[in-house]
Each structure stands twice: as C-alpha cells, then as structure tokens.
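See below for the structure under consideration.
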Ligand code: FAD
Ligand code: GLY
C-alpha cells in the first residue's frame, strides 16, 4: 500500500531512504533544516570499508556494513541512472599498516575471521608491500591488504542522490530551520521554524547527530551525540609517469588517507567531543598532518590546502538505530551511523523501506532496534551514563 512518509533530515541516510521508498511506490517528503548533504554526509571521506573499520568481530554491525558493500554496485548504478549524474566510485582496495610486531599480531587475528566473511585479504610485507604502495614509509613492517574495499566521492554522491530523489518524485524542502515533531501518536505532523506544517502516515527520523534531541518528544532515551571529525586534503598530482602518489586507501591506528580522482589526497580524521561545534582547529589539523607524515614521508614538504569538519552521529553502543520506535510502527528511525553512514546508505535504505512495507528483517537486524536503550530507568539516568561515556571517548580536539 502506498503511504506518505515524512523524512526528517536530508543527509545521505534521509535521501537514500527517500529514494528507496519512492522506488517502492511510497510518497516521500524530505524536510531539511539547511541544505541536503550540508552536514556529516558532505564532509565524509567516502570510504566503503567494512573490514578496515570493523577490527573486532563479525557482530551485527559488521554484517550490516558488509551487506551494504555488496549492495553498492547495483545501488550506485541505479543512483547514476535515476540522477543522470556521475560520481567517483573506485575499487582501490585498502592497506591497514602496521609499524610494530604487536600491531601485526592484531592484523593477523583480524584477517582470520574476516576471511570467513568474504575477504580475500592477505598480509603483505617487504618488497610486495613497497610494490603495492611505493611511497609508504620504510618504517612500515607489514599491512593487511583488502582488495574488496572501495571509496566514492561523498559530496558528488550525495548530490546525485538528491537529484535522483527529485527525479523520482520525492518532495524535498530545504532551509526550513529546525523542524519539530508536533504530533506523532495519531496522524504525523511536523512544524518548520517558519510555522509550516507537514503531514504524513509515517515519520522516518534521519536527523543524524541531531536525532538525540528527540528523546523528550518521544519519551525514550535516544543516545545519539555528535563526534566531530576534522579532516583535510593535500593537492596530489600524479607523477609524470601517471602513477598516483597513493594507490590504496591507507589506514593506520591514527587515521587514514585516500586519494581521489580529482588529484587530492584526503586525510582524516579526528574524533572530538565538541558538542555541535563543527569548526576546524589548528591543533586538530596539526595532529593529522603529523601523523600523515609518519605514514607518507613525502607529505613532510606539503601543507593541506583544504580543511573541513563534520559531526558524526555516534551512539552509545556504536550501532545505528534502525527500525520502529514502538509497535505501531508509525515512527521509524534510521540514525546514528557514526563512522559508516556513507557505506551503510544502501543497506539502511533497504531495511527502513522493509519496515515501512511491514516486512520482517533478518534476525541480526533486531540489534539495531531503537528501543534497545529502554533498560535505562529514564532519560536522566541515560544522560549521566552518556556523560561518563563521552568523557572516556574522546579528546576535545582543541
Ligand atoms: P547528516 O549527514 O548529518 O544528515 C542529517 C541531516 O539532518 C542534516 O542535514 C541536518 O541538517 C538535518 N537535520 C537534523 N535535525 C533536523 C531538524 N530538526 N529539522 C530538519 N533537519 C534536520 N562514513 C563512511 O561510510 N565512510 C567514510 O569514509 C566516512 N568518513 C567520514 C569522515 C568525516 C570527517 C566525518 C565527519 C564523517 C565520515 N563518515 C564516513 C560518516 C558519515 O559521514 C555519517 O555517518 C553520515 O553522513 C551520516 O548521515 P546522516 O544522513 O545520518 O547525517
Ligand atoms: N569513516 C571515517 C571517519 O568517520 O572518519
């Protein structure tokens, strides 16, 4: 049955869900306080790296990330077709670099379980490593090479998603100021800052790092908080031979580098507890630059020409909130994708649309249900726990 679904937030998650809902015959409306893609989604490095970003175990989060990587080839070609726009989507593979024996042991044990989950990764050392990444520091002792991992150019991808949505008939309203939920227990009603009302049969909350602000509205703990990522880019023209300065996505314990088709080398990213402050600090970028030089000594002579930051929507247990708020299913969530929202865009769109269509998701997806935090006595005790967790988590980046 075709429904009117109002989507709060026009980032990669809101737009992907809108597109999928519209492909399934629903009437989707996106409400965005500023510009679509103007927050975390437009700031992202665009890495589609479920193996490198999940070092611990094949938990539900890893499974969702992996499923999303598998959905990407078809999904991104559909986004191109529907938008008529193109964007970089490169299967560069990745290298996760070790400088010490202890790091190498960690990579070996990660490789063991990841090979059971579709990775054709190998540990590369010595000359083989230098052949794969000739300008990597000679101090690197080995790396985990994962050929399956890819990346895209996030600002262009989000632009294409937005255009695909518009072409598919999604109604998009931008620059609305903060939109509030006026009514959700019967008919859905949202109000924009200038007093306009938007109604629908269902509400899908995709408001990224801001989603936690709805805890009072819905009367349940929604432990989603902003973690700032500062990131920068160097100009990186290829050598006269045409060889790129950096061929793979390169990860280390402190961050990552990824070379884009537009001859820039993107290097990220900090994890700062700084509230909703999305500014760039000297100290934040200096730290990145210092670490980048350790990985690639040629960066010693270079200065980043572009610096920016975005607010990742982090959650207390590290997993997104995807699914219905309560049994009525009138309010759905798709928020809290932290470091992996670009990767997770197709899988989240599919899962959210399945919920809207009344389909049962795979059992492991129950791990993402938004009501899982209700074991906390109330919103206040949740806040206290969260303050302790935030204090442990990050630097203030200043
Ligand atoms: P957002 O993009 O923040 O969108 C939420 C939108 O909701 C915003 O546009 C906001 O204006 C709007 N909104 C909020 N509240 C309201 C309201 N009340 N009314 C109206 N509108 C509202 N992910 C990857 O997969 N790979 C990467 O390589 C990667 N690199 C990253 C690098 C950096 C530096 C950062 C910061 C993030 C990175 N991420 C990466 C993470 C990824 O960017 C996020 O997980 C993803 O963008 C989250 O998407 P979203 O749509 O939920 O949030
Ligand atoms: N996934 C990379 C980042 O969030 O910085």
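At a glance:
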item: Residue in region 22-30 that is away from ligand 2 (no atom under 16 Å from the Cβ), out of contact with any helix residue (DSSP H, G or I) (no Cβ under 9 Å at 6 or more places or on another chain) and under 21 Å from residue 359 (Cα atoms) present; result: yes
item: Qualifying residue in region 203-214 (condition: under 30 Å from residue 187 (Cβ atoms) and either in a loop (DSSP other than H, G, I, E, B) or more than 24 Å from the chain's Cα centre (by Cα) (or both)); result: yes
item: Unique residue being in contact (Cβ under 8 Å) with a residue 24 or more places away in the chain and not in a helix (DSSP H, G or I) when the list is 199, 242, 195; result: 199
item: Exclusive hit being within 30 Å of residue 52 (Cα to Cα) and under 28 Å from the mean Cα position of the chain (by Cα), set 193, 143; result: 143
item: Odd one out for residue 123 among (1) surrounded by 19 or more Cβ atoms within 10 Å (Cβ to Cβ); (2) without any contact (Cβ under 8 Å) to a residue 24 or more places away in the chain; result: (1)
item: Failed condition for residue 109, given (1) farther than 19 Å from residue 150 by Cα; (2) surrounded by fewer than 16 Cβ atoms within 10 Å (Cβ to Cβ); (3) touching a helix residue (DSSP H, G or I) at 6+ places or on another chain (Cβ under 7 Å); result: (3)
item: When residues of region 23-42 are limited to those that are surrounded by fewer than 24 Cβ atoms within 10 Å (Cβ to Cβ) and part of a helix (DSSP H, G or I), the one nearest to ligand 1 (Cβ to nearest atom); result: 42
item: Test set (1) within 14 Å of ligand 1 (Cβ to nearest atom); (2) within 24 Å of residue 88 (Cβ to Cβ) - residue 252 fails condition number; result: (1)
item: Cβ-Cβ under 8 Å pairs, at least 6 apart or on other chains, region 4-22 side at positive phi, far side more than 16 Å from ligand 2 (Cβ to nearest atom) and part of a helix (DSSP H, G or I); result: 9/210; 9/211
item: Residue check, residue 185 part of a helix (DSSP H, G or I), surrounded by fewer than 18 Cβ atoms within 10 Å (Cβ to Cβ), more than 16 Å from ligand 2 (Cβ to nearest atom) and touching a residue at least 40 places away in the same chain (Cβ under 8 Å); result: no
item: Hits in region 217-253 - residues which are within 16 Å of ligand 2 (Cβ to nearest atom) and within 21 Å of residue 278 (Cβ to Cβ); result: 224, 225, 226, 227, 228, 229, 230, 231, 232, 233
item: Residue satisfying condition, being more than 29 Å from residue 319 (Cα to Cα), out of contact with any helix residue (DSSP H, G or I) (no Cβ under 8 Å at 6 or more places or on another chain) and crowded, with 20+ Cβ neighbours inside 10 Å, within set 274, 236, 243, 211; result: 236
item: Lone qualifier among 95, 66, 111, 71 - being in a helix (DSSP H, G or I) and either in contact with a strand residue (DSSP E or B) (Cβ under 8 Å, 6 or more places away or on another chain) or more than 30 Å from residue 261 (Cα to Cα) (or both); result: 111
item: Test: residue 285 is within 13 Å of ligand 1 (Cβ to nearest atom), within 27 Å of residue 149 (Cα to Cα), more than 17 Å from the chain's Cα centre (by Cα) and not in a loop (DSSP other than H, G, I, E, B); result: yes
item: Matching residues, region 300-352, being near ligand 1 (Cβ under 8 Å from one of its atoms), surrounded by fewer than 24 Cβ atoms within 10 Å (Cβ to Cβ) and more than 13 Å from the chain's Cα centre (by Cα); result: 308
item: Unmet criterion (only one of (1) in contact with a strand residue (DSSP E or B) (Cβ under 9 Å, 6 or more places away or on another chain); (2) closer than 30 Å to residue 361 by Cα) for residue 326; result: (1)
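Each reported figure results from applying straightforward, stated rules to the coordinates on display, with no laboratory input. Please read these numbers as outputs of a predicted model, since none were measured by experiment. Neighbour counts are summed over all protein chains in view; Cβ atoms, including those assigned to glycine, are modelled from backbone coordinates with ideal geometry.
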